[in-house]
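Structure, as C-alpha cells:
Read-outs throughout are calculated quantities, based only on the coordinates presented, and are distinct from any laboratory measurement. A quick note: this is a predicted structure, and the numbers were derived from the prediction, not measured. Here Cβ is always computed from backbone atoms with ideal geometry, including for glycine, and neighbour counts include all displayed protein chains.
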Amino acid sequence: MSTTNPDDEIDYLPPPDTGLDLVHVDDDIVVVVKPAGLLSVPGRGADRADCMASRVQVRFADALIVHRLDMATSGLLVFGRGPEAQRLLSIAFAGRDVHKRYEAVVHGLMQAEQGEIDLPLITDWPRRPRQMVCFERGKPSLTRFRVIDRDAGHRTTRVSLEPVTGRSHQLRVHLMALGHPIVGDPLYGPEATGVSGGERLMLHAAELGLLHPRTGTAHQWVSPVPF
C-alpha cells in the first residue's frame, strides 16, 4: 500500500459523525460504508485526524485499514480485525483477488456500451494532488467500464466501473482522459469540461467481493448508490 495520500493536499472539512454505516461485522472483518468527504486514514496534521479508520476504531479497537477510497468517494471499505486478518486481506487486494465495482455519473453521452481504459498513471507533481497519464513513466493502469444509462436531457451517463489496478485517482483520471470526467469532480471535472460540477463527486464503491481471510468463504457486499 502506498504511504502517500493525495488527499493531504486538499482542503478538509469532514462530514459530521452520525455513527457507522455497518454492512458486515465478524471476528475477522468489518465492512463499512464511508461517506463522501471523509478521509479513509488520518492525513498530515491534527486537523486531518478524523477519518473512517479512527471512527471505526472507536467501536472496534482492533480494526486495521486494508485499502483506501479517495476522500471524495463514498462506498464500501473493509478493515481486518488484527494484524493477521489485515495481512491476508492486504495480500488479496495486492493480488487482485478482490472484486470491486464502482458506479459513477459522468459528463457527456458515452458512445461505447462497454470497454477498457488502459492508460499508465503517475503523480502530476507540480499540480499535486492531481494524477496524470504518462506513457514514459506511468504505472500500468486498467479500468473496465459498462454503460448503465444515458440522460440525454442532462447530457450525462451513468456507468459501472471495475478497476483492475488500484492507482490513486485511477477512475477519475481514466474517465477524464476518455473525455467523460465524473460529475462533481473538483480536480478533473470542471477544468476538463468548462462546466460546474455537482455538490459531491458522483462516484460510489457499490460492490465488494472477497474470500474470508480465515474461513475462505466467498463474501459479496453491496451498498446502494446514494445519487
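Applying 1/(1 + (r/R0)^6) with r as the Cβ-Cβ distance of residue 217 and residue 54 and R0 = 30 angstrom yields a FRET efficiency of 0.55. Distance between the pseudo-spin-label points of residue 162 and residue 114 (7 Å out from Cα toward the beta carbon): 0.7 nm. Pair-distance distribution of the chain: all C-alpha pairs, bin width 10 Å, starting at 0; shares per bin in whole percent are 8, 33, 38, 19, 3, 0. Put a dot 7 Å past the Cα of residue 47, heading toward its Cβ, do the same for residue 13, and the two dots end up 1.2 nm apart. Taking Cβ atoms as reference points and 12 Å as the exclusive limit, the residues near residue 74 contribute a net charge of -1, counting Lys and Arg as +1 and Asp and Glu as -1. Charge tally around residue 28: other residues with Cβ under 12 Å, Lys/Arg +1 each, Asp/Glu -1 each, net -1. Taking each residue as 0.36 nm, the span from residue 199 to residue 133 lengthens on full extension beyond its C-alpha to C-alpha distance by 21.1 nm. When +1 charges are put on Lys and Arg Cβ atoms and -1 charges on Asp and Glu Cβ atoms, the dipole computed for the chain relative to its Cα centre reaches about 320 debye. Positive-end ranking of 141, 218, 104 along the dipole of the chain, with charges on Cβ about the Cα centre, is headed by 141. Projecting label points 7 angstrom from Cα along Cα→Cβ for residue 25 and residue 151 puts them 3.5 nm apart. Per residue of the chain, the DSSP helices (runs of n ≥ 4 H) give a summed -39500 (n - 2.57) that works out to -4000 deg cm²/dmol at 222 nm.
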